[in-house]
1. Count, please, the residues in the range 15-49 that happen to be in a strand (DSSP E or B), over 20 Å from GLU127 (Cβ atoms) and touching an Asp or Glu at 6+ places or on another chain (Cβ under 9 Å).
2. Condition first: without any contact (Cβ under 8 Å) to a residue 60 or more places away in the chain and more than 12 Å from VAL24 (Cα to Cα). Can you find one or more residues in the range 68-79 that meet it?
3. So for the range 28-40 (the condition being free of Cβ contacts under 8 Å to residues at least 24 places away in the same chain and farther than 24 Å from PHE134 by Cα), does at least one residue qualify?
4. All but one of (1) surrounded by fewer than 14 Cβ atoms within 10 Å (Cβ to Cβ); (2) within 17 Å of the chain's Cα centre (by Cα); (3) of a type in the set (Gly, Ala, Ser) hold for ALA77, so report the exception by its number.
5. Within the range 50-71, count every residue that is surrounded by 10 or more Cβ atoms within 10 Å (Cβ to Cβ) and either of a type outside the set (D, E, K, R) or within 15 Å of SER121 (Cα to Cα) (or both).
6. Could you tell me which numbered condition PHE105 fails, if it satisfies all but one of (1) under 15 Å from GLN31 (Cβ atoms); (2) of a type in the set (Phe, Trp, Tyr); (3) modelled with pLDDT of 90 or more; (4) out of contact with any Phe, Trp or Tyr (no Cβ under 8 Å at 6 or more places or on another chain)?
7. Hey, could you check the range 80-102 for residues that are in a strand (DSSP E or B), among the aliphatic types (A, V, I, L, M) and modelled with pLDDT of 90 or more and say which is nearest to the chain's Cα centre (by Cα)?
8. Hey, among PHE105, PHE134, PHE122, which residue is in contact with a strand residue (DSSP E or B) (Cβ under 9 Å, 6 or more places away or on another chain), assigned to a strand (DSSP E or B), without any contact (Cβ under 8 Å) to a residue 60 or more places away in the chain and crowded, with 17+ Cβ neighbours inside 10 Å?
Amino acid sequence: MSAQSGRDMLLKLDETGAGGFATVAGIRTRQLSFNAQSIDTTDSYSSGQWRELLSSGGIKKASLSGAGVFKDASSDAKIRELFFAGELRNWQLILPDFGTIEGLFQITALEFSADHTSEVSFDIALESAGLITFTVTP
């Protein structure tokens, strides 16, 4: 895979819960991370006293974060509404020439900042709340 433009990595929200995804903000920076906890099954009979892990065990999670500016007042309102309600909603992260990550996420952090000479910006963090799917870009 060759280098990709960062602006092509898109974060989208299913605004109504009906499966229609829309970009709700101008996300300038974004990050996706996957984590899986391990389950240690080591005992006194473990070969050479090396740690042993349970295959496919543990809890998996995905975390999304981003920073940017809202594209309009309605998108700002929608994200604030979801945060204060603690509501779970489907989100997509489009990774160009790689694929689409999609799943149920909850907004776990929402921060606003502003400089007196520029626009109001925000930082958002989302944590997965269910199965995450990955669809390869054809």
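1. Going through the range 15-49, the residues in a strand (DSSP E or B) turn out to be 21-22, 25-36, 40.
Those left that are additionally over 20 Å from GLU127 (Cβ atoms): 22, 26, 28, 40.
Of the ones still in play, those that are also touching an Asp or Glu at 6+ places or on another chain (Cβ under 9 Å) are 22, 40.
Of the residues in that region, 2 qualify.
2. no
3. Yes; the residues of the range 28-40 include at least one that is free of Cβ contacts under 8 Å to residues at least 24 places away in the same chain and farther than 24 Å from PHE134 by Cα.
4. (2)
5. Residues flagged as surrounded by 10 or more Cβ atoms within 10 Å (Cβ to Cβ) and either of a type outside the set (D, E, K, R) or within 15 Å of SER121 (Cα to Cα) (or both) within the range 50-71 amount to 14.
6. Among (1) under 15 Å from GLN31 (Cβ atoms); (2) of a type in the set (Phe, Trp, Tyr); (3) modelled with pLDDT of 90 or more; (4) out of contact with any Phe, Trp or Tyr (no Cβ under 8 Å at 6 or more places or on another chain), PHE105 violates only (4).
7. Step one: filter the range 80-102 for residues in a strand (DSSP E or B), giving 88-95, 99-102.
Of the ones still in play, those that are also among the aliphatic types (A, V, I, L, M) are 88, 93-95, 101.
The next check asks that each one be modelled with pLDDT of 90 or more; those that pass are 88, 101.
Values: LEU88: 12, ILE101: 8 Å.
Only one residue tops the list, namely ILE101.
8. On the way: PHE134 fails: crowded, with 17+ Cβ neighbours inside 10 Å; PHE122 fails: without any contact (Cβ under 8 Å) to a residue 60 or more places away in the chain.
Of PHE105, PHE134, PHE122, the one residue that is in contact with a strand residue (DSSP E or B) (Cβ under 9 Å, 6 or more places away or on another chain), assigned to a strand (DSSP E or B), without any contact (Cβ under 8 Å) to a residue 60 or more places away in the chain and crowded, with 17+ Cβ neighbours inside 10 Å is PHE105.
The values are calculated or read from the model by the stated rules, or taken from the named source; none is laboratory data. Keep in mind that this is a model prediction, so the values were computed, not measured. Please note: Cβ atoms are built from the backbone with ideal geometry, for glycine as well, and neighbour counts cover all protein chains shown.
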